[in-house]
1. When chain B is treated as a GNM, springs tying every alpha-carbon pair under 10 Å, which of B:SER40, B:SER30, B:SER65 comes out with the largest mean-square fluctuation?
2. One-quarter of the Cα convex hull surface for chain A, in nm²?
3. Could you tally the net charge around D:GLY121, taking each other residue with its Cβ under 15 Å from the Cβ of D:GLY121, Lys/Arg +1 and Asp/Glu -1?
4. Would you kindly derive the ³J(HN,Hα) couplings of segment A:101-107 from the backbone phi angles with the Karplus curve 6.51 cos²θ - 1.76 cosθ + 1.60 (θ = phi - 60°), listing them in order in whole Hz, with x for Gly and Pro?
5. How many Cβ atoms of partner chains, on average, are near each residue of A:129-136 if near means within 10 Å of its Cβ?
6. If you roll a 1.4 Å probe over the protein assembly as shown with all protein chains in place, what percent of the accessible area is carbon or sulfur?
7. Please calculate how many Å² of accessible area the protein assembly as shown carries per residue, with a 1.4 Å probe and no DNA, RNA or ligand atoms counted.
8. Which whole number gives the average, over all residues in B:40-52, of C-beta atoms from other chains lying within 10 Å of the residue C-beta?
Protein chains: 4
Amino acid sequence: MNPANPSFAQEVRASFARQTFMTLLGAQLSRIEPGIVEISLPYRADLAQQNGYLHAGVVTAIADSASGYAALTLMPAGAGVLSVEFKVNLLRPARGKEFVARAEVIKAGRTLTVVRADVFGVNGDKDRELVATMQATMICLQQKVDH
Amino acid sequence: MNPANPSFAQEVRASFARQTFMTLLGAQLSRIEPGIVEISLPYRADLAQQNGYLHAGVVTAIADSASGYAALTLMPAGAGVLSVEFKVNLLRPARGKEFVARAEVIKAGRTLTVVRADVFGVNGDKDRELVATMQATMICLQQKVDH
Amino acid sequence: MNPANPSFAQEVRASFARQTFMTLLGAQLSRIEPGIVEISLPYRADLAQQNGYLHAGVVTAIADSASGYAALTLMPAGAGVLSVEFKVNLLRPARGKEFVARAEVIKAGRTLTVVRADVFGVNGDKDRELVATMQATMICLQQKVDH
Amino acid sequence: MNPANPSFAQEVRASFARQTFMTLLGAQLSRIEPGIVEISLPYRADLAQQNGYLHAGVVTAIADSASGYAALTLMPAGAGVLSVEFKVNLLRPARGKEFVARAEVIKAGRTLTVVRADVFGVNGDKDRELVATMQATMICLQQKVDH
């Protein structure tokens, strides 16, 4: 997919840096390409649900941010992005030393962009397990709109 | 709805207390009734997305925990609950001094329970705005199962 | 909710009449109010899944059409409506002599409208059971757009 | 993926043949492999929404049936399958002489199986466009259960 905005990577990094919640989680941008963004997150004991697995809200947070930024890579310069909706299937207990959310645009439109994100629990180079998958709709904001 | 477990409120409180992520967010259980659970969360600057609104991952986290515990109130004593899937529509920018996630069981089954959760941004007694709505499926774990 | 278009009911009826698939199913508009539309469907043996219940595709079809038209009632005159996405939870086997899909707008926006639809299996005045619930996003098309 | 049931293809065909709604639509099973099922459907003028495109309910019907049968290929002999929930993103107007729903299991569990289905509009060997994508949860029924 061809990015409309040659500065897409800088815009993604600048917007991500303003997401204070990503900082609180300890999440980092680990890949930015046209239509694809990855966010990585080391496990921490204060991010858990009742059984010690990563809380579904954290799984969703990194999948949602990765999805929004994957959509943003294909939007015009200066555009903003907001999540319209997402659906997450939690496939396995979210176990891992680290988690990676990998988002990829399925369909980029002028107004709406549909993205899929997979979240993996990672315990080493060869131990990587799909723990959740998201299907999301993002909206492009070029001016302030009441969507 | 009639709870099968007379100790449902204690079990919800005990499980919630083990969710370290709720502590990190500053979220609190504010209502526990058969089939209904509410979680409240004061806004904090470190819970934001790029525009300063509450991050969709935080909105989802409190909606998901409230949904799981709403389901748990109707499960047998000793049961565990896990999220199978959820879908969230983000209706407005998540603005507010405080947020309340209100979850209510739509259909309680032996294995699966379907829950709806609304998340409100609150700025005072008369200023309460629906910012997101979730439709979720929860699974009852009576023994350890590979669901 | 206040309709922007005084002819909303006629526009809904005219559009519904063009949905040939509603005719094939034997579905009928049974209520049109600002923000609320109902579609009714008698059970027929050729609308079944493998156990004789109403096929989830039929349940979805009437919920989706009702949702789109509920959204259309609040759109400007001459607007078109398309489904962006929907999520359906199938709560019980879809049994009934008749089915009613009741859609209600949760949030009407200039571009996007979020709608909830419940589908009931009906066996008489006092026997009405919720069989499915949908959460959907509709888009308003004022001109031809690549959404 | 290894099917637990050597007769999986016969069971899928037998169940599909009982779905009277697939017959009404003119849909056919076009591929049955472990974890993968495809259903094909020629366009017909009586399957349309208000603009003449394939109705989202029909798109969903073939995606749902393909998803259920993809799940069934990996279930034990004699099992039944029901849809728990699905979410569909409608990516483009559903145009085509023919439509193909291709479902593939993402995660097969003892009770729940998660499936993804893509629906393509087809106008010839080289003209195939993704019109919708579904993320679904299916449940395995070995005995009669109140799920």
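The values are calculated or read from the model by the stated rules, or taken from the named source; none is laboratory data. Quantities reported herein were computed from a predicted structural model and do not represent experimental measurements. Ideal geometry is used to build each Cβ from the backbone, glycine not excepted, and the neighbour counts take in all protein chains shown. To get the accessible areas, we keep the full protein, side chains included, count just its heavy atoms, and leave off ligands, DNA and RNA. Shrake-Rupley method; radii C 1.70, N 1.55, O 1.52, S 1.80 Å.
1. Highest fluctuation among the options: B:SER30.
2. In nm², the orientation-averaged hull projection of chain A is 8.6.
3. +2
4. Per-residue couplings from phi come out as 9, 10, 10, 9, 5, 8, 8 Hz.
5. 4
6. Result for the protein assembly as shown: 48 percent of the exposed heavy-atom area is carbon or sulfur.
7. Solvent-accessible surface per residue comes out at 37 Å².
8. What the average comes to for B:40-52 is 5.
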